[in-house]
Every structure is written in C-alpha cells, then in structure tokens.
1. When you scan the range 216-230, how many residues do you find that are part of a helix (DSSP H, G or I) and β-branched (Val, Ile, Thr)?
2. Pairs only if they're at least six apart or on different chains, beta carbon under 9 angstrom, first in the range 244-267 and part of a loop (DSSP other than H, G, I, E, B), second open to solvent by less than 30 Å² (accessible area, probe 1.4 Å) and of a type in the set (S, T, N, Q); list them, first residue then second.
3. Working only within the range 58-81, note down all residues that are open to solvent by 30 Å² or more (accessible area, probe 1.4 Å), modelled with pLDDT of 95 or more and over 18 Å from residue 162 (Cβ atoms).
4. How about the range 188-230: which of its residues are more than 24 Å from residue 170 (Cβ to Cβ) and in contact (Cβ under 8 Å) with a residue 60 or more places away in the chain?
5. Show the residue pairs meeting these rules: Cβ distance below 9 Å; 6+ apart or different chains; first residue within the range 306-334 and more than 26 Å from residue 36 (Cβ to Cβ) and modelled with pLDDT of 85 or more; second residue hydrophobic (A, V, I, L, M, F, W, C) and surrounded by fewer than 21 Cβ atoms within 10 Å (Cβ to Cβ).
6. Of all residues in the range 82-103, how many are open to solvent by less than 50 Å² (accessible area, probe 1.4 Å) and modelled with pLDDT under 90?
Amino acid sequence: MPATSTAHTRLTQSDSFLQALAGYRRFLVITHDNPDPDAIATGWAIHLLIQERLGGNVRLIGGGEIVRAENRHMVDLLEPPIELVRKIEVTTDTATILVDCAAGTTNHLLTREDKVPVVVIDHHQNGRCPYEIPFSDVRPDVAASASIATSYLREQRVEPGAMLATALLYAMRTETQSHEAHFSRIDRSNLLWLTERAEPALLAEIENAPLSRGYFGDLVLAIQSTFIYDDAGLCLLPRAHGPEIVGEVADLLIRCEGVNRVLCGAIVGEDVLFSARTGEGAGSATDLLRLTLQGIGHAGGHQHRAGGKIANLASAPKFADQLHNDLRNRWLAACNVDRRRGTRLIARREIVENL
C-alpha cells in the first residue's frame with residue numbers, strides 16, 4: 001500500500017488574510033491620508049482580491065488629496081477605483097483593511113472614527129501597535145506594501161491586468177528611491193512578474209507628468225531656504241503650494257555632495273509636514289525624525305526615508321522664529337551636530353556672480 005502523507009497544506013499569508021475577512025459583507029480598504037502610489041496600488045490589489053475571492057461590497061478609500069503631479073497623473077491614466085472622502089461609517093458587518101499605514105498612527109480615516117482595523121498590511125517601521133488586530137502582515141524587510149499585495153495576487157492566482165500591474169510596478173519603483181534600494185527575494189520575484197504584465201509606455205508617461213508653475217516657485221524657495229550644518233541639511237519653508245514639494249526637495253537634497261542627512265519641512269494649511277532622508281551609513285531617517293518631533297508631532301517610515309507631521313498648528317502663514325529655531329535645534333541635536341550657524345546651500349548672489 002502507498003504511504004499515507006501526514007503533511008498538512010501550509011496556509012499562505014493571503015489564505016490567512018481571506019480567513020480573517022470571512023463572515024463580513026462589506027469591506028473598506030483604507031489608505032493613509034494623501035495616498036501615494038504604494039498606498040493606491042496596494043489598496044487596488046487588495047480591492048481586486050476581495051472582489052474575486054469574497055465578493056460583497058468593496059470600497060477603496062483615502063483621506064486628504066492626491067498631491068504629487070506624478071501621482072495625480074497615475075490616477076488619471078490608470079483609473080484605480082479609489083475614492084477620497086472626509087469621513088467613513090463603519091457598521092458591524094464592515095471589515096476595515098488598512099494598507100500602507102499602521103493602526104497606531106494618526107494619518108488615516110480610521111483613527112478619526114476611533115475604530116480598530118480587522119487587517120493591517122504595511123511595510124513601514126512604525127513601532128508596536130497599541131491594540132490587538134485580528135490579522136496583521138507588516139514586513140519592514142520588503143521594498144513596498146505593493147510587493148506584499150502582489151504576493152497575495154500570485155498566491156491566489158488572480159491576474160492583475162495591465163493597469164493594476166503598471167500601478168504596482170510604479171509603486172515599487174517610487175518606494176526604492178533615495179538609497180532605499182534593498183530588494184528581498186520576494187521583491188525581485190514580484191518585479192519580474194509585474195514587468196511581464198505592466199505597460200512600459202504608461203510608466204514613462206507617469207514619470208514625466210506635467211508640473212505647475214507653483215511647483216517651480218516652491219522649488220526656488222526651497223533651494224534658497226536650505227542651510228547645511230556639517231553633513232546635515234535643513235530646509236524649512238514658510239509656505240508651500242502643496243505638500244508634494246516636501247518629499248521631492250528632500251529627495252533632491254540628499255543627492256548633494258557631502259550631505260548625508262536631510263530634513264525638509266513646510267507649513268501646508270494648518271499642519272507642518274516633514275520629510276527626512278539619510279544616505280548609506282548615516283543612520284535611520286525614521287529614528288532621526290522621531291527624535292526631532294518627540295512630544296510635538298509624529299513620524300514613521302523606513303531606514304533611509306521618513307515622513308512626519310505637526311498637526312493643527314495655529315500660526316501665521318510663515319514659520320514663527322521660535323518654531324523655526326526649535327525645529328532646527330531639535331534636528332541638529334538628533335544628528336549630533338554641535339554647529340549652530342549654517343551655510344546656505346546656494347545664495348542668489350553666488351548664482352549671479354558665477355554667470
């Protein structure tokens with residue numbers, strides 16, 4: 001007689017994800033506020049997987065707005081099923097799925113409803129969650145949340161189609177900028193799988209999205225407002241047309257020769273938004289930003305890329321001297337830089353003299 005196998009079929013992460021959602025009739029897939037390509041693509045993939053495997057009423061939602069020119073262009077071209085809303089209603093038969101953000105942070109719609117998510121899918125370093133979650137798949141070792149969602153599609157044999165594949169591939173590309181170029185075995189496999197299904201022409205069009213004149217005004221102001229303290233750069237903007245400039249300037253400044261740590265901040269509406277970057281061997285951007293905002297704001301992110309916010313700042317439409325000085329001192333202390341007098345990255349006088 002043939003031997004009887006006693007081995008059990010091992011549940012994949014996507015199997016456990018679907019089991020956690022069994023019994024619910026409605027599903028809210030929730031991104032962080034001002035969703036970026038990783039949040040949008042991850043949410044879209046989870047939206048599709050739920051439709052294909054569980055059915056029911058599924059919505060992909062986020063708060064705030066889509067701010068970066070490339071991100072808006074991506075949404076216009078690929079048409080993901082995302083809705084931007086101000087508030088949500090969570091009924092007892094609704095499962096909430098957080099994507100690309102943590103339950104313990106305040107940058108998503110679920111926080112404002114004081115609800116605990118059923119599922120969290122994320123790849124950020126956000127510390128320990130303050131409460132129990134039925135299913136959590138948090139992998140800081142992968143390049144993007146989109147890589148986790150892609151693995152789910154592959155495990156469940158769900159084809160994404162060209163548009164979603166393009167969104168997932170673009171998300172992985174954006175998440176691996178600014179020295180965040182580590183790829184796990186899963187990432188490498190998923191990149192190949194998505195490349196076979198994505199549309200290269202759409203990728204190129206997204207990456208060359210048109211930019212507004214206001215963007216260039218913000219960029220000029222940022223360059224003129226940047227100071228260098230040893231190897232640490234600091235750019236604090238009194239105002240910005242949109243939040244996208246904060247991350248883009250940080251991405252640009254970390255490429256400056258001799259600069260290994262960068263903090264860029266700007267007042268946008270009633271909030272101060274921040275992006276931090278570090279080069280190879282220059283420490284954790286997330287740790288540096290958390291130290292800088294300790295007690296006054298919150299931060300999260302990756303080893304070399306992080307974002308943060310001071311919320312509901314009641315101030316004039318420019319940095320008060322006290323706030324500007326406090327943030328500068330906090331950033332330099334976090335970087336262990338004693339120097340308090342910085343040099344401008346470049347002054348207008350130097351540009352004119354070199355013509």
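The values are calculated or read from the model by the stated rules, or taken from the named source; none is laboratory data. Keep in mind the model is a prediction, meaning the values are calculated, not measured. Positions of Cβ are backbone-derived with ideal geometry, glycine not excepted, and every protein chain shown enters the neighbour counts. Keep in mind that these areas ignore ligands, DNA and RNA; they rest on the heavy atoms of the full protein, side chains included. Shrake-Rupley method; radii C 1.70, N 1.55, O 1.52, S 1.80 Å.
1. Number of matching residues: 2.
2. 254/178; 254/278; 255/178; 256/226; 260/278
3. Matches in the range 58-81: 59 only.
4. 223, 224, 226, 227, 228, 229, 230, listed by residue number.
5. Correct list of pairs: 326/296; 328/227; 333/291.
6. 5
Results for (1) over 27 Å from residue 277 (Cβ atoms); (2) surrounded by 13 or more Cβ atoms within 10 Å (Cβ to Cβ); (3) at pLDDT below 95, shown as yes or no for each residue.
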position	(1), (2), (3)
124	no, yes, yes
136	yes, yes, yes
143	no, yes, yes
147	no, yes, no
152	yes, yes, no
172	no, yes, yes
182	no, yes, yes
197	yes, yes, no
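Condition check ((1) open to solvent by less than 10 Å² (accessible area, probe 1.4 Å); (2) touching a Leu at 6+ places or on another chain (Cβ under 7 Å); (3) under 19 Å from residue 34 (Cα atoms)) across all residues:
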residue: 202; (1), (2), (3): no, yes, no
residue: 212; (1), (2), (3): no, no, yes
residue: 228; (1), (2), (3): no, yes, no
residue: 231; (1), (2), (3): no, no, no
residue: 238; (1), (2), (3): no, no, no
residue: 243; (1), (2), (3): no, yes, yes
residue: 248; (1), (2), (3): no, no, yes
residue: 252; (1), (2), (3): no, no, no
residue: 263; (1), (2), (3): yes, yes, no
